[in-house]
Amino acid sequence: SAPAHESQNSFMGFVAVLMASTTSGYAGVYFEKQLKGSTASLWLRNIQMGCTSVVLSLVTVFVRDWAIVHEVGFFYGYNRVVYGVVLLQALGGLVVAIVVKYADNILKG
């Protein structure tokens, strides 16, 4: 097996980080525009986006990993650390939504 540094591609890593930050920035600005430009509550917007994410994620799981999920179950391998990370991500999403609601997108960075 090749050493780790030989199998890594720094340019592709840089492009991936650049694309992730660009799409994150556009998503933040779009979310702020949607949130401040409508009369729907913060909670309703979060539920709408959450439902969309759940549907897309479940489709991905069924397409890519259905055999494994069917064999060992969806939550196979989950432990307290995984549940903690899921909880922290959910709370982080709520904090970002509150910051966007009451501040500008530039302040959250």
Roughly speaking, to the nearest percent, how much of the chain's 1.4 Å accessible area is carbon and sulfur?
69 percent
To the nearest 20 debye, the chain has a Cα-centred charge dipole, built from +1 on Lys and Arg Cβ and -1 on Asp and Glu Cβ, of 420 debye
Anyone know which of 59, 99, 72 comes out most mobile in the 10 Å Cα GNM of the chain?
72
Measuring from label point to label point, each 7 Å out along Cα→Cβ, what is the residue 48 to residue 14 span in nm?
3.9 nm
Note: residue 76 to residue 90 extended length (0.36 nm per residue) minus current alpha-carbon separation gives 3.0 nm
Per residue, how much accessible area does the chain have with a 1.4 Å probe, in Å²?
83 Å²
Set Lys and Arg Cβ to +1 and Asp and Glu Cβ to -1, take the dipole of region 1-100 about its Cα centre, and tell me which of 19, 8, 73 lies farthest positive.
19
Of [x] 43.4, 147; [y] 41.9, 135; [z] 18.3, 57, the label for Rg and Dmax of the Cα atoms in Å derived from the coordinates
[z]
If I take the Cα coordinates of region 33-87 and project them onto the principal axes, what are the three extents in Å, biggest first?
45, 27, 13
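The values are calculated or read from the model by the stated rules, or taken from the named source; none is laboratory data. The structure displayed is predicted, hence computed values, not measured ones. No Cβ is skipped: glycine too gets one built from the backbone with ideal geometry, and neighbour counts run over all protein chains shown. Surface areas here come from the heavy atoms of the whole protein model, side chains and all, with no ligands, DNA or RNA. Shrake-Rupley method; radii C 1.70, N 1.55, O 1.52, S 1.80 Å.
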